[in-house]
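The values are calculated or read from the model by the stated rules, or taken from the named source; none is laboratory data. Quantities reported herein were computed from a predicted structural model and do not represent experimental measurements. With ideal geometry, Cβ positions are generated from the backbone for all residues, glycine too; neighbour counts draw on all protein chains shown.
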Amino acid sequence: MKFVKDIGVIVLFVLLLFSCNEKEKQLKLTDAVFVSKNEIIRIEKMKFSDDKFVENCSFVPLETTDASLIGEINQLEMVDNKIYIYDSKTTAIKVFDEKGKYLYNIGSRGEGAEEYLSIKSFFINTDERKICVLDPLRKTIHEYDMEGKYVRGVKPANWSFSFMSKFIYFDKYLYGVFDVLQNTDDVYAKISVEDYSIVDKWSTYPVTVNTPISITLSGHPLSPTKTGTHYISLYSDTIYTYKDGKTAPYLIIETGKPHIPSDFFVGKSFEYEPIIAYTEVLSSEKYSPGFDCIFETSKYIFLKFMAISNFYVFDKDTKETFHVLEPYYCLNFMNSKYVNGDDLIQIVDQDKVLNYRESVEMDEGGIPDKIRDEILNYDVYNDNPIVVIYHIKRF
C-alpha cells in the first residue's frame, strides 16, 4: 500500500485515534460549524456528466517522447499554466505546458554542485518564483528558477525532511506532514523558507504517542485558506484550522457513526501491525473512519477516507453538506490527488486506462465523445499518463 511504500522495515504503528474522551470534551466546539446527520443531503449516484459541483473538465494527454517519457508520477503541481511532475522512476522533475507539450526538466541528477542525488519531494515558492527540490541523500534543498536555472542549495541545521511529505507552500511558509514520527505525536510542521528550519509543530489531535516510532496515514491532509490552514485529524470527522501557532475546530460533520475508541487496537494481535490494523478500520462497520483527504476550493470543501469511494461535500457559502454515495467509477473528481486553486487534478495512467475502458465503451457516465476517443485510442504500452483537470464551480 502506498502509505508504507517508502518504509523498508516494519515499524511500530500507532493510530492517532480520536474518541469522545476528556480531551475532546474540553475543546471549544461552539466556534466550529456543526453539520448534523439529519441535515446532510444524500446523492445516491453521480455520473461523470453531473454538473452539480464541476463546471467542466480538461483532458490533457502528456506528450510522449524519449525525453519526456514518464515512469511513475509521484507528485504534480501546476503554476502559470505549466504542469510540474516528479517522475520517481527517472528521478526527474519534468515540465509540460497546459496542452501537455513537454518543455524541459528542472535540474538534473548527478554529483555536481548544482545537481541533486535524490528527490523526496518538491514544492513551488510562488512568491520568490522558485522550484525547491528536497534531496535527502545530500540533506539539501536545491532551489531553481521556474525555467530550471540553479539558484542555491540550502543545508538545514536539522534535517527532518526524510520523514516528511505532502508539502504545501502558503503565506510565505512551507507546511509539511511527517510520515514517520519519532518520540512525538506532532504530525504537522510549519517551516521557514529562508533556512528551512522548523518554526512550529503540532499534532492532529492532543494525544500522546507512547512508542518510539509510529507512522501516520493520510491522503491529502492539508488545505491552505485565507484565514489559516485547514487540516484533518486522523480518524475524526472534525476539520481543524491552524494559524499563528493556534489550532481550533472549524468544521464537524456528523457522519452517523461514532469515532473509533482510543483503546480499539490495544491488546489486539494487530496492535503493531500497520496493514492488518488498517484493514480492521476499513472492515469495521460500527465506527466512522473519519476523513484523511481534504480538497478545498473557493466554494467547496471535499472530504473522504482514501480507501472508501463515497465522499462528503461542504458548501462554504450556503453551509449545505452533501453525501455522494456512489460516484462514477472511473473519471471521478474525488479520485484526484492534487488541487490547484479551483481545480482538482486526477492522474490517469496506463493501468487506470485499462480498468476504465469497459465503462467508457458502455458510456455509463455520459462521457463526452472527445474524452471517450482519447481513452479508447490510448496506447497503454507506450503513451504517457493523462492529466484530468476538473474545474470546480465557483458560484
Review point. If the Cβ limit is 6 Å and pairs must be 6+ apart or interchain, which residue in segment 100-118 that is among the polar types (S, T, N, Q) pairs with which residue that is surrounded by fewer than 14 Cβ atoms within 10 Å (Cβ to Cβ)?
Key: S118/L137
Exercise for review: Enumerate the pairs (first residue in segment 54-83 and assigned to a strand (DSSP E or B); second residue anywhere and surrounded by fewer than 18 Cβ atoms within 10 Å (Cβ to Cβ) and of a type in the set (K, R)) with beta-carbon separation below 6 Å, excluding pairs fewer than 6 apart on the same chain, so at least 6 apart or on different chains.
Suggested key: E55/K393
Practice item. Taking the residues in segment 327-360 that are of a type in the set (F, W, Y) and in contact with a helix residue (DSSP H, G or I) (Cβ under 9 Å, 6 or more places away or on another chain) as candidates, determine which candidate is surrounded by the fewest Cβ atoms within 10 Å (Cβ to Cβ). Key: Y329
Check your understanding: Restricting segment 96-123 to residues that are surrounded by fewer than 20 Cβ atoms within 10 Å (Cβ to Cβ) and of a type in the set (A, V, I, L, M, F, W, C), which is farthest from I191 (Cα to Cα)?
Key -> L103
Check your understanding: When residues of segment 354-371 are filtered for being farther than 20 Å from E98 by Cβ and within 27 Å of the chain's Cα centre (by Cα), how many remain?
Key -> 8
Check your understanding: Do the conditions hold for G71, that is, is it farther than 20 Å from F302 by Cβ, of a type in the set (G, A, S), in contact with a Lys or Arg (Cβ under 8 Å, 6 or more places away or on another chain) and modelled with pLDDT under 95?
Key -> yes
Practice item. Scan segment 34-44 and give yes if some residue there is modelled with pLDDT under 85, of a type in the set (D, E, K, R) and exposed (fewer than 11 other Cβ atoms within 10 Å of the Cβ), otherwise no. Key: no
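Within the group F314, F302, which residue is under 28 Å from G100 (Cβ atoms), touching a residue at least 40 places away in the same chain (Cβ under 8 Å), in contact with a Phe, Trp or Tyr (Cβ under 7 Å, 6 or more places away or on another chain) and assigned to a strand (DSSP E or B)?
F302 is the lone residue from the list that is under 28 Å from G100 (Cβ atoms), touching a residue at least 40 places away in the same chain (Cβ under 8 Å), in contact with a Phe, Trp or Tyr (Cβ under 7 Å, 6 or more places away or on another chain) and assigned to a strand (DSSP E or B).
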Practice item. Pick out, from segment 91-165, the strands (runs of 3 or more DSSP E) lying fully within it that include 1 or more residues that are within 22 Å of F178 (Cα to Cα). Key: 121-125, 130-135, 140-145, 150-154
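Results for (1) at pLDDT 85 or above; (2) in contact with a strand residue (DSSP E or B) (Cβ under 9 Å, 6 or more places away or on another chain), shown as yes or no for each residue.
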residue	(1), (2)
T229	yes, yes
K246	yes, yes
I252	yes, yes
F264	no, no
P274	no, yes
A277	no, no
F305	no, yes
Study note, to complete from the structure: F322 fails exactly one of (1) part of a strand (DSSP E or B); (2) under 22 Å from G71 (Cα atoms), namely (2)
Exercise for review: May I ask you to list pairs of residues, at least six apart or on different chains, whose Cβ atoms are under 9 Å apart, with the first in segment 245-268 being over 11 Å from G290 (Cα atoms) and the second being in a strand (DSSP E or B) and basic (K, R)?
Suggested key: G245/K190
Exercise for review: Give segment 361-395 a look and list any residue that's of a type outside the set (G, A, S), surrounded by fewer than 15 Cβ atoms within 10 Å (Cβ to Cβ) and part of a loop (DSSP other than H, G, I, E, B), or say none.
Suggested key: M362, D363, E364, P368, N377, D379, V380, Y381, N382, R394, F395
Check your understanding: Any residue in segment 348-366 that is of a type in the set (A, V, I, L, M) and in contact (Cβ under 8 Å) with a residue 60 or more places away in the chain?
Key -> no
Exercise for review: Go through D145, D135, D127, D171 for me and flag whichever is in contact with a Ser or Thr (Cβ under 6 Å, 6 or more places away or on another chain) and either at pLDDT 95 or above or more than 20 Å from S88 (Cβ to Cβ) (or both).
Suggested key: D135
Exercise for review: Scan segment 140-168 for residues that are crowded, with 18+ Cβ neighbours inside 10 Å and of a type in the set (V, I, T) and jot them down.
Suggested key: T140, I141, I168
Check your understanding: Would segment 331-353 turn up any residue that is more than 18 Å from the chain's Cα centre (by Cα) and over 24 Å from Y102 (Cβ atoms)?
Key -> no
Review point. Looking only at segment 331-360, which residues are in a helix (DSSP H, G or I) and in contact with a Lys or Arg (Cβ under 8 Å, 6 or more places away or on another chain)?
Key: M334, V360
